[in-house]
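Scroll down for the structure; my scribbles are underneath it.
The values are calculated or read from the model by the stated rules, or taken from the named source; none is laboratory data. All of these numbers come straight from a predicted model, not from anything done at the bench. Here the Cβ is made from the backbone with ideal geometry for all residues, glycine too, and neighbour counts use every protein chain on show. Remember, those area values only see protein heavy atoms, side chains included, never the ligands or the DNA or RNA. Shrake-Rupley method; radii C 1.70, N 1.55, O 1.52, S 1.80 Å.
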Amino acid sequence: MAFFNKLGSLARQSISQKGQVPMVSMLNSIRCMSSSKLFIGGLPWSTDDHTLKEAFSGYGEVIEARVIMDRETGRSRGFGFVSYDSSESASEAQSAMDGQELGGRNVRVSLAEERSRPPRSYNDDYQGNRGYDN
């Protein structure tokens, strides 16, 4: 909710100043405000979504906690993401949990960064040519 209030405030401010909303400015504001998602690295293999949420719920309302699993083995890849309802909660959790022990391992906590492009699949370089000359 705070996100949408801030977004509305930025839009009103831009409109009152120039009569229009500059798209680049709005996108940069959204990017800065989306800092309520944390990357959690170094998770023990036994950590699941519920355990991750419990470990981080003491710092604010956790919207989502997700451990990333290997598609082939179904086993944890050792990292996950926690999203909070506010950037303040995320910042508090980052400060408190970075380097702390969780399940016998010290976890790394940082702000999650958006990917600049989608992940590459195994066949991204495949151009339909299997080495045969056509």
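The table that follows gives values for the structure above.
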| read-out | value |
| --- | --- |
| Within segment 49-64, considering residues that are under 12 Å from Ser83 (Cβ atoms) and hydrophobic (A, V, I, L, M, F, W, C), the one surrounded by the fewest Cβ atoms within 10 Å (Cβ to Cβ) | Ile63 |
| Members of segment 78-102 that are in contact with a Gly (Cβ under 8 Å, 6 or more places away or on another chain), open to solvent by less than 20 Å² (accessible area, probe 1.4 Å), under 18 Å from His50 (Cα atoms) and of a type outside the set (A, V, I, L, M, F, W, C) | Gly78, Tyr84 |
| Residues satisfying the stated conditions in segment 103-113, i.e. open to solvent by 40 Å² or more (accessible area, probe 1.4 Å) and touching a strand residue (DSSP E or B) at 6+ places or on another chain (Cβ under 7 Å) | Arg108, Ser110, Leu111 |
